[in-house]
Amino acid sequence: MQNQNKCLGCGALKQNTDENKVGYVKDLNNSYCFDCFSLKNYGKSKNHFHPDKYLEIKDHSLVLIIQSVMQIDLLFTQPIERIQPNAKYVYILNQVDLLPRDTNLDYLHEKIEKLAKKNKVKFFDIIFMSAINPSDTTNLKHYLMEQKQKDIYLFGYQNSGKSTIFKSLTNNKDVLNLNKAGLTQEIIKSNFLDKTIYDMPGNYISGNLSEIFDYEEYRKLLPSKTIKPKVYQLKENQKLVINDYIEITSSNDVNLVFYINEFSKIMKYNLANLNNYLNLEYEYTSKTFKIGQEKMHITIADLMFIQVSGNTNLTVKLPKKLRLTISESLLK
């Protein structure tokens with residue numbers, strides 16, 4: 001049973017003294033805190049909170065480390081093993097339904113396993129799934145039934161799909177599972193046969209869209225269905241402007257493949273056009289990457305990733321608060 005003193009949506013302890021703090025309710029008898037009620041009924045959120053502590057994980061438990069394909073640059077970067085070294089770790093790459101249907105998942109799985117071993121990551125298994133696919137969640141249920149551990153923890157970065165998986169496994173109808181960073185505030189637990197599943201607060205990572213946009217804005221930018229890659233040839237005398245807050249230029253002609261929400265706008269301009277098409281309300285920074293023949297994977301926040309290869313210097317200009325990373329591509 002969920003603790004009646006806690007919000008059913010995010011697990012925060014309810015309080016009626018400060019509307020600017022997590023768990024605020026006008027009436028302590030309310031089932032949901034003010035923010036969860038607004039999200040559940042109106043799709044709006046006034047505040048944004050990040051849990052500021054890790055919670056205790058029991059010895060000899062099973063830890064499912066959940067990662068979204070849109071956060072693939074963050075694979076194996078979560079510090080969970082330092083928190084509990086005596087656990088069994090299974091990595092779950094969630095939201096694979098966002099990848100194009102012709103994606104070679106076997107190749108991707110092989111590359112991820114090699115990356116894990118190269119970085120000496122402790123893992124028992126790596127599972128691909130989509131939390132909104134009933135077949136995948138059924139398979140995960142059967143998989144967990146076969147494990148001897150009685151305590152199962154769902155751990156991952158914010159917006160990785162933890163709570164969606166938790167709801168699917170436990171049939172908990174009250175927990176919210178929306179594309180909102182920092183939604184789960186405290187541990188939420190529920191029974192799963194003879195086991196207990198714990199939905200942990202999302203691990204905060206700076207640089208996501210929530211840093212510069214309100215919930216109502218950034219949720220529209222997150223991919224929600226299978227991505228159709230957009231291919232652009234960028235010449236050395238051109239620039240690409242994405243959604244009026246990201247600019248890309250290249251020292252040589254190069255092809256870029258964008259994996260991005262279908263509603264995002266990508267515009268091409270000549271460099272001779274001196275107009276500034278970037279939104280002036282943000283403070284910007286630029287970073288230049290030297291690209292060779294090896295295919296590289298550039299991630300910009302949780303907005304998109306780009307596949308690029310070819311001898312060039314690629315410069316990305318974006319708001320300072322957004323995360324920008326580059327790594328070897330894991331896609332074929």
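Between the Cα long axis of helix 105-118 and the first principal axis of the chain there is an angle of about 80°, rounded to the nearest 10.
Once the 1.4 Å probe is applied to the protein heavy atoms, the chain comes out at 50 Å² accessible per residue. Here the accessible area is traced with a 1.4 Å probe on the protein chains. For the stretch 232-332, carbon and sulfur cover 45 percent of it. For the chain, the longest principal axis of the Cα atoms and the long axis of helix 134-145 meet at an angle of about 50 degrees. Distant-in-sequence amide contacts of Thr285, defined by a placed amide H-H separation under 5 Å and a gap of 5 or more residues or a different chain, comprise Leu318, Lys320.
The helix-based estimate of mean residue ellipticity at 222 nm for the chain, built from -39,500 (n - 2.57) per DSSP H run of four or more residues and divided by its residue count, is -4500 deg cm²/dmol to the nearest 500. For the listed residue pairs Lys21/Lys88; Lys220/Lys332; Lys122/Lys295, the alpha carbons are over 32 angstrom apart in Lys21/Lys88. Ordered by solvent-accessible area of protein heavy atoms (1.4 Å probe), largest first, the residues Arg323, Arg219, Arg101 come out as Arg101, Arg219, Arg323.
Note on the chain: GNM, Cα springs under 10 Å; of Tyr259, Tyr32, Tyr269, the largest mean-square fluctuation is that of Tyr269. In terms of accessible area, using a 1.4 Å probe and ignoring ligands and nucleic acids, Ser309, Ser190, Ser68 rank largest first as Ser309, Ser190, Ser68. Among the listed options (i) 1.02; (ii) 0.99; (iii) 0.94, the one matching Rg/Rh (Cα atoms, Kirkwood Rh) as calculated from these coordinates is (ii). Over the stretch 193-295, Cα pairs under 8 Å with separation of 6+ residues give a relative contact order of 24 percent. Based on Cα contacts under 8 Å between residues 6+ apart, the chain shows a relative contact order of 16 percent.
The values are calculated or read from the model by the stated rules, or taken from the named source; none is laboratory data. For clarity, every value in this text was computed on a predicted model and none was experimentally measured. Surface accessibility is based on the protein's heavy atoms, side chains included, excluding ligands, DNA and RNA. Shrake-Rupley method; radii C 1.70, N 1.55, O 1.52, S 1.80 Å.
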